[in-house]
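Colleague: If you scroll down you'll find the structure; I have some questions about it.
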Amino acid sequence: MAEKPQPVVVLYCQVCGLPPEYCEFGPEFDKCKPWLILNAPDLYPDLLQAANANEADKVSDQLQSTGISSADSGGSSEAKQEEVKRLPGGKIKKKEKKEVIIEKVVRNKRKCITTVKGLELFGVKLSDASKKLGKKFATGASVVKGPTDKEQIDVQGDISYDIVEFITETWPDVLETSIFFIEDGKKVPAA
Ligand SMILES: [Zn+2]
């Protein structure tokens, strides 16, 4: 039994009014996308894929937050909260790594400064460390606020060649493997 011929239904995008296959050339393709995903997924398989990927992200986010909240109800919630900090948008910020970062900075072409960041993470008092560094290398050293408003020690001159030994000898809690240099924008282990 032959099917009755159906009248051809012409579908128009309810966002821009164009036939859906022309939406991508239309002025409001971005706004059309949700409608297209629902009404003309065959025409734009890429959109559907992207949408599915987004869904998957949301689901895994939900799973993660469930994991965190169930951990919170447990006893060791404080440690957990310290470890992971949720940022707006669902991204997870890991707890700051315990490491000392040393960077040689050349200011005004000739003046060289060695910055030392992170000693406080090892329980070192920065004002004390700054005094010791200044004395050891017979130079000026001071605690200053770095670009991210975190305190660091600025030591006048290039002491980057001797500083690792001095740090590990003065503060044995700081292992050589926890010390890094920034060289040409790259983080290089001191050890
Ligand atoms: Zn459209």
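Please treat every number below as a calculation from the coordinates, not as lab data. Note that this is a predicted model, so its numbers are computed, not measured. With ideal geometry, Cβ positions are generated from the backbone for all residues, glycine too; neighbour counts draw on all protein chains shown.
Colleague: For region 100-189, what relative contact order do you get, as a whole percent, if you take Cα pairs closer than 8 Å and at least 6 residues apart? Provide the component values of the computation, followed by the final result.
Modeller: Working: 141 pairs, mean separation 27.9, N = 90.
Over region 100-189, the number comes to 31 percent.
Colleague: Another question, then. Can you work out the Karplus-derived ³J(HN,Hα) for every residue in region 40-48? Use 6.51 cos²θ - 1.76 cosθ + 1.60 with θ = phi - 60°, whole Hz, and x for glycine or proline.
Modeller: Ordered by residue, 3J(HN,Hα) equals 9, x, 5, 6, 10, x, 4, 4, 4 Hz.
Colleague: Moving on. I'd like the FRET efficiency for W35 and K97, computed as 1/(1 + (r/R0)^6) with the beta carbon distance as r and R0 of 41 Å, rounded to 0.05. Display every interim value, and only then the final one.
Modeller: Working: r = 46 Å, r/R0 = 1.12.
E between W35 and K97, to the nearest 0.05, is 0.35.
Colleague: Under 1.5 on a/c is rounded, so check that first for region 100-189, then, if it is not, pick prolate when a/b is larger than b/c and oblate when it is not; a ≥ b ≥ c are the square roots of the alpha carbon gyration tensor eigenvalues. Intermediate values should be presented prior to the final figure.
Modeller: Details: a/c = 1.33, a/b = 1.18, b/c = 1.13.
Cα axes put region 100-189 in the rounded bin.
Colleague: OK, next. Charges at C-beta only: +1 for Lys and Arg, -1 for Asp and Glu. How large is the resulting dipole of region 100-189 about its Cα centre, in Debye rounded to 20?
Modeller: Numbers: 15 positive and 14 negative charges, 96 e Å.
Charge dipole, region 100-189, about its Cα centre: 460 debye, nearest 20.
Colleague: List, in order, the whole-Hz ³J(HN,Hα) value for each residue of region 98-104 obtained from phi through the Karplus relation with A = 6.51, B = -1.76, C = 1.60 and θ = phi - 60°; use x for Gly and Pro.
Modeller: So the Karplus estimates, Gly and Pro as x, are 7, 7, 9, 10, 10, 9, 8 Hz.
Colleague: In the structure shown, do any of K97/K150; K145/K186; K131/K186; K98/K136; K98/K187; K104/K186 have a Cα-Cα gap over 19 Å, and if so which?
Modeller: Correct reply: K145/K186; K131/K186; K98/K136.
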